[in-house]
Ligand code: FES
Ligand code: FES
C-alpha cells in the first residue's frame, strides 16, 4: 500500500493508504481526528473543511496521497497548546453560532480562511457569499455571520473600517 | 456581593459549545469499537418491484466479507412497528401493512433495503455490495397522492385497497355545511404543501455491539429518543428485554424529527453484532439519507372558508390528501390528523370546522414528522386562506385577522377541533411584529424598490401551534401506543453539586445549558456546578425523548417536580438540624431558613448531612438526596405569534430575495433568550427553505429526482436574511414553569408569511395563490405571462 507523510496539527505522520483513500478518511480513521466531519457525498456541505498549506480545502474532495508532504490543520489543531481558543472559535461560542455542532468544525475552518483572505474588511454580503460552500441546518446562519464579523477585528488586530 | 445571574432569563453561553468548537464532539460515527465490522446496506434502485431473488455468492466471496444477509436470514425478527393507530370514519382501524426490516417479496420504494453486507472495512463492504445480483421484476409504481387515489392506480400493499391507509374526519360536518349554506361569502383555495427532506447535517449512523459473557446488547444510534428505540426495537423487532439492551444516543448532529423513528439499520446492526459477536457499524452516506430518512409534509388540500358580510369567519371546511410513503414510519399516522387537523382553528374563533384527511400509500420513502409536523401544514393552509379571503372580499389582511382573533380574555378557549388553548394574546404579537417590521413604512419601501425595477411585497402570518406533547391519557384515546410523559432524576451530590438525568435528548437545542439554568434557578446551585446527562438508557431511568418542542415544557416540568421532592426532603433534614418544625423551614436561594430567624443551612450542608447521616432523622428519612419524577402534562402548550416577511423579486430572473424577516413569538416563559432566538432563527430558515427553495421531487415512476445536495436546494447563507426575533409572553397555565416551547415556531409561522409576501409582490400580475417552493422559474413564468405553472 502506498504511504503518505504529512504534518497534521504540527505533528508528522506517515500513514499507509489506498490509492482511493480520501484525506478526510485518513484524518478520521487513521489518525482518529474525528472533529472533521462528513456530511455529504457530493462536495456540497463543507463539514469536512480543513486547512491544507494555508488554504481551506474540502477534505472529502482530496485524495490522501495528494496531501503527501502537506501541512494540514484541523479543528483540533486551532487552539493553542495551553488551550487558548482561536478567536473564531471564541466568537462562535460568544454569538451562539452553533447548535448541534456538526457543521461547526467546517464552518470555523472556512470562516478563518475567509477572514484571513480579506484583510481589507468583510461586508455581511461577502460573509454570506463566502459561506456558500458550507451548509448548516440548525442556525439559519444569522449568528454564524455575526460571529465571523466579530472575529475579523480580533484576527486582524484592528477595527473594520466603517462601511 | 451578588452572585452572577444564571437562572431563568439569563442568556448563558452554552456548556456544550467547548467540545463542539474544538472538534471534540462525540457523534456516533466518531465512535469505533474494538474488532468493529462495517455494514453496507444494499438498497433498491426500483420504486416498485417483485424481489425474485438475490444472488449473494459473488458478494460473499469478495475480499474482507464476513457475512451477507437478506430477509431470508432474518428469521424470528419482527417488522418495524408503528406507534400510532388512527381509525377510519366508520370506526375501523387504519390499514397497517407489514414493514419488514429487509424487503421481502417486494420492494416498495427507491432506497428500500434489500440486503446487508458486513465486512472488515467500509470499502470492502461497499465493493462487495456491488457484486450482489438482485433479480427484480418491475411493477407499475405510484409516487403522488393524487395518482395514488386514481381508479386503477398501482397498489402499494395488498392490504390497503385503493392505497388508502385511513380515511379520517374531525369536527361537525352538519354545522359546517349549514354555515356554508347561509354564508354571505365563501372562499375556496386548492393548495399543496411541498414534500421536504429533513437533511440534518449529520447523516444517520448506528453501531451494534454484543457482549456474549453478559448477553447484553448495546446500540449507539443517532436518535432523538433512545428509550423509545429501546422499547420499539427490544419489544417488537428483536425481542431483547430492556435490561439486556442499552441504547446510547451521544452527540447527535441535528434531528428535526427525522431521528425520532426506529429505522431498519438500528435493528440490523444490533442483530448482526449479536450473531457475529463482533461490533457492527453502519453510517449513512448522504444519498442514503435522501432515500431512507423519513421525509416530511406532502399534502394536497382544498380549503373553504365561509364568512359573514362583515368578514367574520363562520365555518371552515378542509379536505386533505396526505402521503404516508411506502410504509408507516413510527409516528406517521398521527401527523396529518392530531398534529394537523386539530390545529385548523389557528388563532381564530371560527365556530364550526370540519376536516377530512385521507392518508395514502405511495412508492416513496415513508413520510413522518419533520420540524413542526402537521402544524406547518395547518398554518400554511389557514394563513394562505385568510389572505385569499381578504383579497376576495376586499378586506385588509391585518383587519380580517384582528376581527377574527380569539380575544385574550377568552382563555381557556375550546376550539371546535378538540384542543383547548390555555393562554395567548394574538394582538400583542401582531402589534409587536408589525412595529418591529415597520409594516406602516412598507408603501415607501415598495415605491423605492419599484424605482429600481424590483417588485416588493410584504406578508404576515398569525399562527398558533400545539406542542409540549402530550397528556398520555388523551393521546392514548387518540391512538398513541405510548405515554408521552417525561422523566427526570436530580442527583444532589454530597458536596452540593448536581447531576440531572433527563429523558429528553439534546441534538442542538442546548439542554445542557438551559436545564442547568433551571436547576440553578430553583435550587440556587451555581450554573457551573450542574451537569446534565442525556442520551443513555443505562444512565437515565426512562424517557420519551425530544420532539414536538416538549423538552422544557414536559422534561423541564419533570425536573421541577423532582426538585420539589429534593426541597421537601431537604426541609425535613434542615428542620432536624435546626431543631425547628418542618413547616417553619423555608427554602430560598439555595438556603433552608427557619422563618423569621437567621438560622439557616445551605443546600450543600443539607446534602452532606444526607450522605453522612450522623446527626440525621434516620428513623423517618432515608439517607441520600436523589429524586426521580415522572411528569405527565395536563394539556398541550400553545405557542403562537406573528411572522412578517418582506421580499423583493427581480422581475428579470424571478428570483425572490427575503429582505426582512421579523418573528415575534409567544413561547411562554423564556429560560435562555439567546437559545430561544437561535431556535427561532433556525426554524425560520427551514421555513424560508420550504417556501422558496426546497422540494422533494419524484418522477412518475417513483425515482427520486432530488436525491442529493446538487438537486435538493438547501438554504445557504446567501439565500437568507438576518432574522429579527422578538418575544411577547403569556404564560402556559398548566405547567410549573409557564413554558410553551420554541423549537418549531420558526418553521410553522414562516412559510405562509413568505408566500403571502410573494403573492403581494406579484399583486400586479393577478396572482391569487402560489404553491411552494416559489422558485424563480414559477415566478418568471408568471411575470412573462407564460403558460401558467403552479399559480392559479
Ligand atoms: S463532506 Fe466534504 S463537502 Fe460534504
Ligand atoms: S449547528 Fe447543526 S448543522 Fe450547523
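The values are calculated or read from the model by the stated rules, or taken from the named source; none is laboratory data. Here the structure is a predicted model, which means the values were calculated and not measured. A quick note on method: Cβ atoms are made from the backbone with ideal geometry, for glycine too, and the neighbour counts reach across all protein chains shown.
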### Message
Given the condition touching a helix residue (DSSP H, G or I) at 6+ places or on another chain (Cβ under 6 Å) and farther than 30 Å from residue B:455 by Cα, answer yes or no: does some residue in the range B:646-660 qualify?
### Response
no
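Need at least 2 residues that are within 28 Å of residue B:683 (Cα to Cα) and in contact (Cβ under 8 Å) with a residue 24 or more places away in the chain per element, so show me which strands (runs of 3 or more DSSP E) inside the range B:222-340 make the cut, counting only ones lying wholly within it. Step through it out loud before you land on a result.
Working: elements: B:245-248, B:280-283, B:299-307, B:313-325.
So the answer is B:299-307, B:313-325.
Across the range A:116-141, which residue is farthest from the chain's Cα centre (by Cα) among those that are over 19 Å from residue B:722 (Cβ atoms) and more than 16 Å from ligand 2 (Cβ to nearest atom)?
Of all residues in the range A:116-141, those over 19 Å from residue B:722 (Cβ atoms) come to A:116-120, A:133.
Adding the requirement that they be more than 16 Å from ligand 2 (Cβ to nearest atom) leaves A:116-120.
Working: A:116: 12, A:117: 14, A:118: 16, A:119: 18, A:120: 21 Å.
Within the range A:116-141, the match that is farthest from the chain's Cα centre (by Cα) is A:120.
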### Summary
Just one listed residue, out of A:108, A:15, is in contact with a helix residue (DSSP H, G or I) (Cβ under 6 Å, 6 or more places away or on another chain) and within 13 Å of chain B (Cβ to nearest Cβ), and it is A:108
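Limited to the range A:74-87, what total is found for residues that are touching a residue at least 60 places away in the same chain (Cβ under 8 Å) and either within 17 Å of residue A:106 (Cβ to Cβ) or at the interface with chain B (Cβ under 8 Å from one of its Cβ atoms) (or both)? Spell out the reasoning first.
Filtering the range A:74-87 for residues touching a residue at least 60 places away in the same chain (Cβ under 8 Å) gives A:74, A:76-77, A:87.
Cutting the leftovers down to either within 17 Å of residue A:106 (Cβ to Cβ) or at the interface with chain B (Cβ under 8 Å from one of its Cβ atoms) (or both) gives us A:74, A:76-77.
Number satisfying all stated conditions: 3.
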### Message
Given the criteria away from ligand 2 (no atom under 12 Å from the Cβ) and at pLDDT below 95, does residue A:149 qualify?
### Response
no
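Can you name the helices (runs of 4 or more DSSP H) wholly within the range A:39-156 that have at least 1 residues being under 22 Å from residue B:255 (Cβ atoms) and away from ligand 1 (no atom under 16 Å from the Cβ)? Before the answer, list the steps.
On the way: elements: A:87-94, A:104-116, A:124-130, A:142-156.
Filter on the range A:39-156 gives A:87-94, A:142-156.
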### Task
Kindly indicate whether residue A:6 is away from ligand 2 (no atom under 16 Å from the Cβ), farther than 17 Å from residue A:102 by Cα and surrounded by 14 or more Cβ atoms within 10 Å (Cβ to Cβ).
yes
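Of all residues in the range B:242-261, which are more than 14 Å from chain A (Cβ to nearest Cβ) and either within 16 Å of ligand 2 (Cβ to nearest atom) or buried (at least 24 other Cβ atoms within 10 Å of the Cβ) (or both)?
Of the range B:242-261, the ones more than 14 Å from chain A (Cβ to nearest Cβ) are B:242-248, B:260-261.
If the condition is that a residue be more than 14 Å from chain A (Cβ to nearest Cβ) and either within 16 Å of ligand 2 (Cβ to nearest atom) or buried (at least 24 other Cβ atoms within 10 Å of the Cβ) (or both), then B:247, B:260, B:261 are the ones that fit.
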### Task
Scan the range A:111-144 for residues that are at the interface with another protein chain (Cβ under 10 Å from one of its Cβ atoms) and buried (at least 24 other Cβ atoms within 10 Å of the Cβ) and jot them down.
A:134, A:135, A:136, A:137, A:138, A:139, A:140, A:141, A:142, A:143, A:144
### Summary
Of the residues in the range A:35-51, those that are facing chain B (nearest Cβ under 9 Å) and within 16 Å of ligand 2 (Cβ to nearest atom) come to A:35, A:36, A:37, A:38, A:39, A:40, A:44, A:45, A:47
### Task
Filter the range A:4-38 down to residues that are modelled with pLDDT under 95 and outside any loop (DSSP other than H, G, I, E, B), then give me how many there are.
0
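Residue-by-condition table, conditions (1) assigned to a helix (DSSP H, G or I); (2) more than 14 Å from every other protein chain (Cβ to nearest Cβ); (3) within 28 Å of residue B:254 (Cβ to Cβ); (4) in contact with a helix residue (DSSP H, G or I) (Cβ under 9 Å, 6 or more places away or on another chain):
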residue	(1), (2), (3), (4)
B:605	yes, yes, no, yes
B:622	no, yes, no, yes
B:634	no, yes, no, no
B:680	yes, no, yes, yes
B:706	no, no, yes, yes
### Task
Name the one entry in B:74, B:51, B:18 that is more than 30 Å from residue A:28 (Cβ to Cβ) and out of contact with any strand residue (DSSP E or B) (no Cβ under 9 Å at 6 or more places or on another chain).
B:74
#### Entry: Failed item, numbered, when residue B:692 is tested on (1) within 14 Å of chain A (Cβ to nearest Cβ); (2) part of a loop (DSSP other than H, G, I, E, B); (3) in contact (Cβ under 8 Å) with a residue 12 or more places away in the chain
(2)
### Task
Test residue B:687 against the stated conditions and say whether it is more than 9 Å from chain A (Cβ to nearest Cβ), crowded, with 24+ Cβ neighbours inside 10 Å and within 16 Å of residue B:716 (Cβ to Cβ).
yes
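Being over 28 Å from the mean Cα position of the chain (by Cα), farther than 30 Å from residue B:532 by Cβ, more than 14 Å from every other protein chain (Cβ to nearest Cβ) and at pLDDT below 95 narrows it down to one of B:53, B:76, so name that one.
Working: B:53 fails: at pLDDT below 95.
Result of the check over B:53, B:76: B:76.
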### Query
Regarding residue A:17, is this residue buried (at least 18 other Cβ atoms within 10 Å of the Cβ) and within 16 Å of ligand 2 (Cβ to nearest atom)?
no
### Query
Here are some conditions: (1) more than 30 Å from residue A:2 (Cα to Cα); (2) more than 16 Å from ligand 2 (Cβ to nearest atom); (3) in contact with a helix residue (DSSP H, G or I) (Cβ under 9 Å, 6 or more places away or on another chain); (4) without any contact (Cβ under 8 Å) to a residue 40 or more places away in the chain. Residue A:90 meets all but one. Which one does it not meet?
(4)
### Query
For the range B:744-762, does any single residue satisfy the condition of being in contact with a helix residue (DSSP H, G or I) (Cβ under 9 Å, 6 or more places away or on another chain) and at pLDDT below 95?
no
